Amino acid sequence: VTLVPKLFEKRAKGIGLLIEHEMNELAKIQSNPRQPFVLVLGGCKISKKIPMIDYFLSNKAHRAETILLGGMVALVFLKVQGLFNGDLDIEPAVLAWAKTLSKKAAHKQIEFILPTDLVWHTKHSTTI
């Protein structure tokens, strides 16, 4: 969101109550996550998600017990496990990193939950 803040004077900008509530809740999770801690992550900007996955695999204080992946992130992990045969326009370094994280999770007995079925389209469509 970049356009809305530009509509206000610099000294009149602020955040809404919902954002304030979300920030407070995230601060609680960051300082003392309740167990079992499950990381739910999806989306298509994989290069932004992989460092988060690595953080929650590596950090003892914030280690996830289970990581549930969806979207393009899940496809990358399905691909490195040989469970997805479709074409992905993904950099080889990202695939290598995902393979390393899969091994790291297995070594630390952290479960990755990936989709068991999916529909893959090669072209954008508004109909199913």
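The values are calculated or read from the model by the stated rules, or taken from the named source; none is laboratory data. Just so it is clear, the structure is predicted and the values come from calculations on it, not from any experiment. FYI the Cβ positions are ideal-geometry reconstructions off the backbone, even for glycines, and counts take in every protein chain you see. Keep in mind that these areas ignore ligands, DNA and RNA; they rest on the heavy atoms of the full protein, side chains included. Shrake-Rupley method; radii C 1.70, N 1.55, O 1.52, S 1.80 Å.
Here are some notes:
- Filtered residue count, segment 25-49, keeping only those that are closer than 18 Å to Phe112 by Cβ, out of contact with any helix residue (DSSP H, G or I) (no Cβ under 9 Å at 6 or more places or on another chain) and among the small types (Gly, Ala, Ser): 0
- Only a single criterion out of (1) under 20 Å from Ile113 (Cβ atoms); (2) modelled with pLDDT of 80 or more is not satisfied by Leu17, namely (1).
- Checking each residue in segment 89-104 for being modelled with pLDDT of 90 or more and of a type outside the set (A, V, I, L, M, F, W, C) picks out Lys99, Thr100, Ser102, Lys103, Lys104.
- Count of segment 78-97 residues, restricted to those that are within 11 Å of Leu114 (Cβ to Cβ) and out of contact with any Phe, Trp or Tyr (no Cβ under 6 Å at 6 or more places or on another chain), is 5.
- Within segment 74-101, residues that are within 17 Å of Lys48 (Cβ to Cβ) and in contact (Cβ under 8 Å) with a residue 12 or more places away in the chain sit with their Cβ atoms under 6 Å from residues that are assigned to a helix (DSSP H, G or I) and aromatic (Phe, Trp, Tyr), at 6+ positions apart or across chains, in these pairs: Ala98/Phe77.
- Hey, Ile53 touching a Leu at 6+ places or on another chain (Cβ under 8 Å), at pLDDT 90 or above and closer than 19 Å to Gln30 by Cβ or not: no
- Only a single item in (1) touching a helix residue (DSSP H, G or I) at 6+ places or on another chain (Cβ under 8 Å); (2) open to solvent by 30 Å² or more (accessible area, probe 1.4 Å) is not met by Ala106, and it is number (1).
Residue by residue, here is whether (1) open to solvent by 80 Å² or more (accessible area, probe 1.4 Å); (2) touching a Ser or Thr at 6+ places or on another chain (Cβ under 9 Å) holds:
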{"residue": "Cys44", "(1), (2)": "yes, no"}
{"residue": "Lys49", "(1), (2)": "no, no"}
{"residue": "Leu57", "(1), (2)": "no, no"}
{"residue": "His62", "(1), (2)": "no, no"}
{"residue": "Phe77", "(1), (2)": "no, yes"}
{"residue": "Gly86", "(1), (2)": "no, yes"}
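- Near pairs, Cβ below 6 angstrom, 6+ apart or cross-chain, from segment 30-42 (on the phi < 0 side of the Ramachandran plot and surrounded by 10 or more Cβ atoms within 10 Å (Cβ to Cβ)) to any residue that is acidic (Asp, Glu) and at pLDDT 80 or above: Phe37/Glu65
- Residue among Ala64, Ala105 that alone is within 14 Å of the chain's Cα centre (by Cα) and in contact (Cβ under 8 Å) with a residue 24 or more places away in the chain: Ala64
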